[in-house]
Amino acid sequence: MQADAAIPVIEFRDVSYRVGDTQILSGFNLQVQSGETLVLLGRSGSGKTTSLKLVNRLLTPTSGDVRVKGASPEGEGDVIRLRRSIGYVIQDVGLFPHFTIERNIGLVPRIEGWPAEHIRTRVLELLQTVGLSADIAGRYPHQLSGGQRQRVGVARALAADPEILLMDEPFGALDPLTRDELQREFLLLQQRLHKTVVFVTHDLREALRLGSRIALMESGRLVTVLSPAEFLRSTDPLAAAYVRAFGEGLESAANRGTS
Amino acid sequence: MNVFRFMWHNQSQVLALTLEHLRLVGFSTLLAMLIGIPLGIAIAHRPRFNKPVLASANIIQTIPSLALFGFLLPVPWLGARSDRLAILALTLYALLPIIRNTFTGIRGVDPAVVEAGRGMGLTESQLLFQVELPLAVSVILSGVRVAVVISVGLATIAAAIGAGGLGEFIFRGLAMVDNRVILAGAIPAAILALVADFGVGWLERRLQPR
């Protein structure tokens, strides 16, 4: 456990992933440092989600090694332990429809055998953390709005206080205003909690806003890793193309207003 | 109302045959659930096997019931007691709706929910018992309901091989060309089917996930 700072929290070492004849990820090398928000940016099919799922072993690399805190899990028990130590938030939220909000959030603590009182306190604390009122604890997911559901999704991922958070387009399905609100809250939350976050998105604006570094991906390869400021100035053709597309959207809207 | 007078006079026999009928249906449904639900879960998780398993259950379903009873008659241990044989045959018929609905129910669980659960570190058995089965239970039970209703009807034919049950009245009535006797078997069988349908249906709604 010495030299903690030197060991990246997550490390991809020459990882490739293949399904049948389709190469989804190849020669992937990346290190995620403690407390940073690393954004995986790329279009659909670029391998962002696959990379994320390799971290919590929903997928196993075809070759290479994905290490979490310096180790890669061996065997079923290791994998389960690893997953419970990592918060996971997905676009479709995936709340358990037959559980109340309280039970949804408290699931990992419960299967980890926390005492009931302790779970209850933790759930209420988390509801407050994600900006929800305590009286929705007894409700069911279908009784909440999309934004509320994703907040619960985040609370559930934070339940056992994991050091790492994996977020797969968590705000992608929300309307722009709710998305903006959740992004802002994510930043505030991250200032307080300093989790190591890997965040998948195809939205440059979101990447620039939330990421401490942006890893740009294309066809299963890592193109470049840049800070948001570097990204905007980058001469890399793909990065520049993203910036241009982003700028053109705003520009043409503005032009249409004047003509 | 000759029928009811006949049933009243033979009430002890009506009761005995009804109980026998219930026993045939009850045992066979239970057996079919014990086999069909795990099998349905297995093929939902291993899609490679779903076609052969569902096809086999389908083929069994197409065998005419009287013929199936006949086929099984010469089998040594089975043929020795006709109620054993009847229970086996009824079990085979009940399999299809139970396997199929279990399969459909489990496959119908939102993949995002399963992925979230797995990603959070639920073990496969926690995933099955805490997520998949509770969410599929009403679909599975509606398969059981179909199976029970089919069995109540089919079990009347078991009397043809001497397995007892309400079919005895029906066959006897047919032989005697006496509608009262036929109805003394048919009416309680119909009531059984309705009650079972209602009962399992009630359970189904009770266990329905929100």
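Of note:
- Which listed residue is within 14 Å of chain A (Cβ to nearest Cβ) and either under 20 Å from the mean Cα position of the chain (by Cα) or surrounded by 21 or more Cβ atoms within 10 Å (Cβ to Cβ) (or both), from B:LEU122, B:LEU141, B:LEU54: B:LEU122
- Residue ID - farthest from the chain's Cα centre (by Cα), chosen from residues in region A:52-72 that are more than 14 Å from chain B (Cβ to nearest Cβ) and crowded, with 19+ Cβ neighbours inside 10 Å: A:PRO61
- One residue alone among B:ILE37, B:ILE63 is surrounded by 12 or more Cβ atoms within 10 Å (Cβ to Cβ) and under 22 Å from B:ARG145 (Cβ atoms), and that residue is B:ILE37.
- Residue in region B:6-18 that is more than 18 Å from B:SER142 (Cα to Cα) and not in a helix (DSSP H, G or I) present: yes
- Any hit, region B:55-73, residues being out of contact with any Gly (no Cβ under 7 Å at 6 or more places or on another chain) and more than 29 Å from B:LEU22 (Cβ to Cβ): yes
- For the condition more than 14 Å from every other protein chain (Cβ to nearest Cβ) and on the phi < 0 side of the Ramachandran plot, A:GLY147 qualifies.
- Any pair with Cβ under 8 angstrom, 6 or more apart, that starts in region A:68-81 at a residue that is closer than 19 Å to A:THR196 by Cα and ends at one that is of a type outside the set (A, V, I, L, M, F, W, C) and in a helix (DSSP H, G or I): A:PRO73/A:ARG81
- From the list A:GLY75, A:GLY87, A:GLY94, the one residue that fits, being within 9 Å of chain B (Cβ to nearest Cβ) and on the phi > 0 side of the Ramachandran plot, is A:GLY94.
- Selected residue [aromatic (Phe, Trp, Tyr), more than 14 Å from chain A (Cβ to nearest Cβ), farther than 23 Å from B:VAL25 by Cβ and out of contact with any Phe, Trp or Tyr (no Cβ under 6 Å at 6 or more places or on another chain)] from B:PHE71, B:PHE129, B:PHE49: B:PHE49
- Restricting attention to region A:12-23, the residues that are within 18 Å of A:LEU222 (Cα to Cα) and surrounded by fewer than 20 Cβ atoms within 10 Å (Cβ to Cβ) total 6.
- Take the conditions (1) under 27 Å from A:LEU25 (Cα atoms); (2) small (Gly, Ala, Ser); (3) touching a residue at least 24 places away in the same chain (Cβ under 8 Å); A:ALA155 misses just one of them, which is (1).
- Every listed requirement among (1) outside any helix (DSSP H, G or I); (2) within 13 Å of chain B (Cβ to nearest Cβ) is met by A:LEU82 save one, (1).
- Scanning region A:87-114 for residues that are among the aromatic types (Phe, Trp, Tyr), closer than 23 Å to A:GLY77 by Cα and touching a residue at least 24 places away in the same chain (Cβ under 8 Å) returns a single hit, A:TYR88.
- Reported count of residues in region B:74-119, each being touching a strand residue (DSSP E or B) at 6+ places or on another chain (Cβ under 7 Å) and either surrounded by fewer than 23 Cβ atoms within 10 Å (Cβ to Cβ) or more than 28 Å from A:THR49 (Cα to Cα) (or both), is 2.
- Identity of the residue in region A:139-185, part of a loop (DSSP other than H, G, I, E, B) and out of contact with any Ser or Thr (no Cβ under 9 Å at 6 or more places or on another chain), that ends up surrounded by the most Cβ atoms within 10 Å (Cβ to Cβ): A:ALA159
- Members of region A:115-130 found to be surrounded by fewer than 18 Cβ atoms within 10 Å (Cβ to Cβ) and either in contact with a helix residue (DSSP H, G or I) (Cβ under 6 Å, 6 or more places away or on another chain) or within 14 Å of chain B (Cβ to nearest Cβ) (or both), listed by number: A:LEU124
- Pairs, first surrounded by fewer than 21 Cβ atoms within 10 Å (Cβ to Cβ) in region A:201-225, second part of a helix (DSSP H, G or I) and of a type in the set (Lys, Arg), C-beta under 8 Å, six or more apart: A:HIS202/A:LYS48
- Within region B:187-196, the residues that satisfy the criterion of being under 17 Å from B:ARG23 (Cα atoms), hydrophobic (A, V, I, L, M, F, W, C) and crowded, with 16+ Cβ neighbours inside 10 Å are B:ALA189, B:LEU192, B:ALA193, B:ALA196.
Laboratory data are not the source of any read-out in this text; all were calculated from the coordinates shown. From a predicted model like this one, the values you see are computed outputs, not experimental measurements. So basically every Cβ, Gly included, is an ideal-geometry build from the backbone, and we count neighbours across all protein chains shown.
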